[in-house]
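Q: So that we are looking at the same thing, I have put the structure below in structure tokens.
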Amino acid sequence: MGSLGSILKNPDEFYPLLKLKIAARHAEKQIPPEPHWAFCYSMLLKVSRSFALVIQQLDANLRNAVCIFYLVLRGLDTVEDDTSIPTDVKVPILVDFHKHIYERDWHFSCGTNNYKVLMDEFHHVSTAFLELERGFQEAIEDITKRMGAGMAKFICKEVETIKDYDEYCHYVAGLVGLGLSKLFSASGLEDLAPDPLSNSMGLFLQKTNIIRDYLEDINEIPKSRMFWPREIWSKYVNKLEDLKCKDNSVKAVQCLNDMVTNALIHVEDCLKYMSALRDPSIFRFCAIPQIMAIGTLALCYHNIGVFRGVVKMRRGLTAKVIDQTKDMTDVYGAFYDFATMIKPKVDKTDPNATKTLSRIEAVQKACRESGALEKRKSYMVKKEHGYNSTLVIVLFVLLAVIFGYLSTNRSIN
């Protein structure tokens, strides 16, 4: 759960945190008995706990397909991300990855920690993949083939222009959006969404991750990973790594704001995509990551911390998003609130101030015109100075009870 200090400052997040903790323990108990499926769902919990929780509510057939789709692409991404693999070895693996998912005994040792385990025991993923319905298999194979080819292209090519940036993000994330739309359609639960909207769903998430992960990527050993487009960063510094130098703090923040402004282009498409979804579980599956993305951008905008460490939403707010997101009213409310959080941070002297404000106002306008804002649950809670002593005591007692319950359960299990 979140830290005690964070809970005391944001007491409205305590109950969602508790529910999230219980849901996580429930998900651990729902792992299938078959060895290959047990590996897949256990691995899903290890490489993306929040994603694993969200897919649990999906229809059983669709849930299995999405789980395997995620792990296949995570494996592909692990190969791409491992900078220790020579290019002449890496490129053929990326290009042929869609063939390997049909091979029950294929594996390739790369990556670190849980990602290495995934790749070392990838045969479990292939075995599960081969049990999916043919329509699901075809969708996963198609997207894996296109993504592998795109990744291979950018192994040998740097992200120079904004067009390159959009193309790279399409290969590594926009195609995920297209693939998920195909899986939703193949399940019979949704109509096939237009490709441009599916693409924007992926691009918005990917651009948020690229912005947030600047420091981790630039410090990658043995070789930096550089995804910020030269067309943007070259306006502020001579080399991308110069953004982390303290002497360049002003320019770094301006560049960061430029990147966030670029990401906001995709918001209106994302809102259109989500508003067309019919199945409640698919809706939540799609909406929660999108709200997390706009919330992360709100934290990153005009924040030098992006170049000094890790900037991410606190666990309590994440739990609140997962708990509150039920329908488009919640989505419009969240996007409106987080856009509103960015707006006062826009410095009029920033080179992109006018463009940023225009993008923010477009998001706010789309949310207002939905007519849903009056019903929303706000993420902008006014803070009281000091802590209510009764609340502190109650929280301590509750935390002690929960800790005791979880410890007892763990020892029994």
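The values are calculated or read from the model by the stated rules, or taken from the named source; none is laboratory data. Predicted, not measured: the structure shown is a model, and the values here were computed from it. When we count neighbours, we look across all protein chains shown, and the Cβ atoms used for this are built from the backbone with ideal geometry, even at glycine. Remember, those area values only see protein heavy atoms, side chains included, never the ligands or the DNA or RNA. Shrake-Rupley method; radii C 1.70, N 1.55, O 1.52, S 1.80 Å.
Q: From the list Ser42, Ser84, exactly one residue is assigned to a helix (DSSP H, G or I), surrounded by fewer than 20 Cβ atoms within 10 Å (Cβ to Cβ) and at pLDDT below 95. Which is it? Let's see the steps before the verdict.
A: On the way: Ser84 fails: assigned to a helix (DSSP H, G or I).
Among Ser42, Ser84, only Ser42 is assigned to a helix (DSSP H, G or I), surrounded by fewer than 20 Cβ atoms within 10 Å (Cβ to Cβ) and at pLDDT below 95.
Q: Give the residue that is farthest from the chain's Cα centre (by Cα), with candidates limited to residues of segment 80-120 that are basic (Lys, Arg) and more than 14 Å from Arg146 (Cα to Cα). Please lay out each step first, then the result.
A: To start, the set of residues in segment 80-120 that are basic (Lys, Arg) comprises 90, 99, 104, 116.
The next check asks that each one be more than 14 Å from Arg146 (Cα to Cα); those that pass are 90, 104, 116.
Working: Lys90: 25, Arg104: 29, Lys116: 21 Å.
Selected residue: Arg104.
Q: Which condition number in (1) outside any helix (DSSP H, G or I); (2) modelled with pLDDT of 95 or more; (3) open to solvent by 60 Å² or more (accessible area, probe 1.4 Å) is the one that Arg359 fails?
A: For Arg359, the exception is condition (1).
Q: Could I ask something else about it? Answer yes if at least one residue in segment 113-128 is of a type in the set (S, T, N, Q), part of a helix (DSSP H, G or I), open to solvent by less than 50 Å² (accessible area, probe 1.4 Å) and at pLDDT 95 or above, and no otherwise. Step through it out loud before you land on a result.
A: The first filter runs over segment 113-128 and keeps only residues of a type in the set (S, T, N, Q), leaving 113-114, 126-127.
Narrowing further to those that are part of a helix (DSSP H, G or I): 113-114, 126-127.
Still in the list and also open to solvent by less than 50 Å² (accessible area, probe 1.4 Å): 126-127.
Applying the additional criterion that residues be at pLDDT 95 or above yields 126-127.
Checked against the condition, which is being of a type in the set (S, T, N, Q), part of a helix (DSSP H, G or I), open to solvent by less than 50 Å² (accessible area, probe 1.4 Å) and at pLDDT 95 or above, segment 113-128 yields at least one hit.
Q: In addition: Between Thr144, Thr161, Thr127, which is hydroxyl-bearing (Ser, Thr, Tyr) and within 19 Å of Ser198 (Cα to Cα)?
A: Numbers: Thr161 fails: within 19 Å of Ser198 (Cα to Cα); Thr127 fails: within 19 Å of Ser198 (Cα to Cα).
Of Thr144, Thr161, Thr127, the one residue that is hydroxyl-bearing (Ser, Thr, Tyr) and within 19 Å of Ser198 (Cα to Cα) is Thr144.
Q: Would you mind finding the one in Ile322, Ile291 that is at pLDDT below 95, under 16 Å from the mean Cα position of the chain (by Cα) and either within 19 Å of Met201 (Cβ to Cβ) or aromatic (Phe, Trp, Tyr) (or both)?
A: Working: Ile291 fails: at pLDDT below 95.
On inspection, the qualifying residue turns out to be Ile322.
Q: Would you be able to say whether some residue in segment 18-28 is of a type in the set (A, V, I, L, M) and either in contact with a His (Cβ under 9 Å, 6 or more places away or on another chain) or within 24 Å of Leu178 (Cβ to Cβ) (or both)?
A: Taking segment 18-28 as the starting set, the residues that turn out to be of a type in the set (A, V, I, L, M) are 18, 20, 22-24, 27.
Narrowing further to those that are either in contact with a His (Cβ under 9 Å, 6 or more places away or on another chain) or within 24 Å of Leu178 (Cβ to Cβ) (or both): none.
No, that holds for no residue.
Q: Please work out which one of (1) assigned to a helix (DSSP H, G or I); (2) open to solvent by 10 Å² or more (accessible area, probe 1.4 Å) is the condition Val306 fails and give its number.
A: Val306 satisfies all of (1) assigned to a helix (DSSP H, G or I); (2) open to solvent by 10 Å² or more (accessible area, probe 1.4 Å) except (2).
Q: Determine, yes or no, whether Gly316 is in a helix (DSSP H, G or I) and open to solvent by 10 Å² or more (accessible area, probe 1.4 Å).
A: Working: in a helix (DSSP H, G or I): yes; open to solvent by 10 Å² or more (accessible area, probe 1.4 Å): no.
In short, no.
Here is a yes/no grid of residues against (1) surrounded by fewer than 15 Cβ atoms within 10 Å (Cβ to Cβ); (2) free of Cβ contacts under 8 Å to residues at least 24 places away in the same chain; (3) closer than 18 Å to Ile288 by Cα:
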| site | (1), (2), (3) |
| --- | --- |
| Gln30 | yes, no, no |
| Pro33 | yes, yes, no |
| Ser50 | no, no, yes |
| Asn64 | no, no, no |
| Gly75 | no, no, no |
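Q: Within segment 174-277, which helices (runs of 4 or more DSSP H) (wholly inside it) include 1 or more residues that are closer than 19 Å to Asn352 by Cβ and either open to solvent by 30 Å² or more (accessible area, probe 1.4 Å) or among the small types (Gly, Ala, Ser) (or both)? Write out each step before concluding.
A: Values: elements: 175-186, 195-212, 214-218, 230-233, 249-263, 267-275.
Output list reads 195-212, 230-233, 249-263, 267-275.
Q: Collect the residues in segment 146-173 that are open to solvent by 30 Å² or more (accessible area, probe 1.4 Å), in contact (Cβ under 8 Å) with a residue 24 or more places away in the chain and assigned to a helix (DSSP H, G or I), keeping them in residue-number order. Before the answer, list the steps.
A: Pass one, segment 146-173, residues open to solvent by 30 Å² or more (accessible area, probe 1.4 Å): 146, 149, 153, 155-158, 160-163, 166-167, 170-171.
Narrowing the set further to residues that are in contact (Cβ under 8 Å) with a residue 24 or more places away in the chain leaves 146, 149, 155-156, 158, 160-162, 166, 170-171.
Hits for segment 146-173 are Arg146, Ala149, Ile155, Ile162, Asp166, His170, Tyr171.
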